[in-house]
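Participant: The structure that follows is given in the form of structure tokens.
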Amino acid sequence: MKKFIMCLLVACFVLILPSVKLVQAAEMNPYLEKIIDLRIYNDDEKTNQEAREMIERLDHIDDSILRNISLSGATMILSDKKLVELPEFAELKGVVPRGHTEPWDDIPGLGGFISYAAIGKSDPSIKNNHGDINLELHEFGHIVDMYTINGVELSATEAFRAAHQKDKNNIFPTDDYFEYVDEYFAEVFAYYYYTEASRQTLYEKAPTTARFFDDLHTKILTVSERTESAFTVVWDEHVSGNSYMVRVNDKEYEVTEPEFSLDGLLGNSNYKVQVFTKDADGKVISSSYAKTVLTHKYENIDVSGLVDAYNEIKAIDVDNRTEVLNKLKIQADTMFTNIEHGRISQEKVDKLIDQIMVEAEDIKFDLVMKNMPKRPVTGVATPPQENPMKPYLPVIFASLGILVVASGVFVYLLRSNKKG
């Protein structure tokens, strides 16, 4: 009986779950899978097919863009319900948006951190109540504009504003709606990624804008790996690039591949990264948008040993501290602050502790030797003084020898006279 109930529940779950979500799990681009929120209430084949086609068109977008959008947390709802029927947008009921005469109730798309596109309304028509070349790509263009680069609205950059000023009247000569630079961005984004034909139209009628999107995906930096002491950033290759100069804060590094890693860093610290693409002659031909990388925070650092070492420093009178110990004290002061903010590893803390303890012990030993009382010197033999007559000794001994010989001769002569 329990097995029967379990099977019945599973069957009900499968029947209730929209079939397009099964397709999503099996086939969707992994970055899109994090972005797209499918909400299908009329679960028929037509609705599912239209949803699949919308997802396929969104998959035309470069992965570097989708990857950064997925990391931003922005989402896009694809639903067969009207915008104002969804809880996120219920407050818009009856509100008339900018550039429109009718309220949000009948508008099939909205761009923002939480965007929306109605399933089955992709093509421009009176029936679908929009004139965008493609609904979902236009609304996704708003997400790209605002959330691809943290802190940067792409449509507000100098480069894109120049493209808008130059190209808008060529490609949309009679549509004042695209005087809004953000709406122009969303629509030309849709032109660029919709079909080869629409992209060609962009090249012909808005070449400066087309070149902006040609380079956009190469200007986006993505953090592929990050720890407390290191990070790796990657980017798409530039078609004319030969090498890259990577600037991290005020230091520069040369690399030949579209990837850069840096280690030995402080934890919980910001590093501003920007990449400059060089051609074969070493000339900079493109620069990325700056990316601020925050390293992870060090947690659970044991500071008891550092506190003990610091107390050892304070126990030594200031006048007796060496220059080395004073520098170690400054390092310890800085390290306490860095530990509080999660910037320093346990390994570096332990290394400083060892350095302080060794230097403190050396100073204490020297002080003991310096202050040891002097004992009186007794029973110590003094070295013999040099005899001042030493230089004359050979002459003296020679003279004595002559006297001895002379005395012997004299005695011999006396004895000889007595016998005679």
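Each reported figure results from applying straightforward, stated rules to the coordinates on display, with no laboratory input. These figures come from a predicted structure and were not determined experimentally. Heads up, the Cβs are rebuilt from the backbone with ideal geometry, glycines too, and the neighbour counts pull from every protein chain shown.
Participant: So if the hydrodynamic radius of the stretch 303-370 is defined as the Kirkwood radius over C-alpha pairs, what does Stokes-Einstein give as its diffusion coefficient at 4 °C and 1.567 mPa s, in µm² per second?
Facilitator: My calculation gives 106 µm²/s for D.
Participant: Relative to the compact globular guide of 2.2 N^0.38 Å, what is the alpha carbon radius of gyration of the stretch 145-238, as a ratio?
Facilitator: Taking the Cα Rg and dividing by 2.2 N^0.38 Å, one obtains 1.25.
Participant: Step through the residues of the stretch 51-61 one at a time and calculate ³J(HN,Hα) from phi using the Karplus curve (6.51 cos²θ - 1.76 cosθ + 1.60, θ = phi - 60°), rounding each to whole Hz and writing x for Gly and Pro.
Facilitator: 5, 4, 5, 5, 5, 4, 5, 5, 6, 5, 5
Participant: Hey, fewest Cβ within 10 Å first, where do Asp281, Asp132 land in order?
Facilitator: Ranking Asp281, Asp132 by Cβ neighbours within 10 Å, fewest first, gives Asp281, Asp132.
Participant: Within 10 Å, count the other beta carbons around each residue, average over each peptide in 42-50, 348-356, and list them highest first.
Facilitator: Top of the packing list down: 348-356, 42-50.
Participant: Quick one: if the Förster radius is 51 Å, what FRET efficiency do Glu347 and Met372 give, using the C-beta to C-beta distance and rounding to 0.05?
Facilitator: About 0.85, to the nearest 0.05.
Participant: Sequence-distant or interchain residues sharing an amide H contact under 5 Å with His130, placed H: which?
Facilitator: The list, which skips near neighbours in sequence, is Ser125.
Participant: Give the aspartates and glutamates whose C-alpha is closer than 15 Å to that of Lys364, dropping any in the same chain fewer than 8 places away, or say none.
Facilitator: List returned: Glu312, Asp317, Asp319, Glu323.
Participant: Fully extended, how many nm does the chain gain between Asp62 and Leu86 (0.36 nm per residue separation, minus their Cα-Cα distance)?
Facilitator: Separation in residues times 0.36 nm, less the Cα-Cα distance, equals 5.7 nm.
Participant: If you don't mind, another one. Calculate I(q)/I(0) for the stretch 220-295 by the Debye formula, one identical point scatterer on each C-alpha and no solvent, and give its log10 at q = 0.12, 0.25, 0.26, 0.27 Å⁻¹ to two decimals.
Facilitator: The computed values of log10 I(q)/I(0) come out as -0.30, -1.15, -1.23, -1.31.
Participant: Same structure, new question: Of the listed peptides 62-68, 298-304, what is their order by residue-averaged count of other C-beta atoms within 10 Å, with the highest listed first?
Facilitator: With the highest mean Cβ count within 10 Å placed first, the list reads 62-68, 298-304.
Participant: For the ranges 332-345, 259-272, what's the packing order if you count other beta-carbon atoms within 10 Å of each residue, average per peptide, and put the highest first?
Facilitator: Listed from highest to lowest mean packing, they are 332-345, 259-272.
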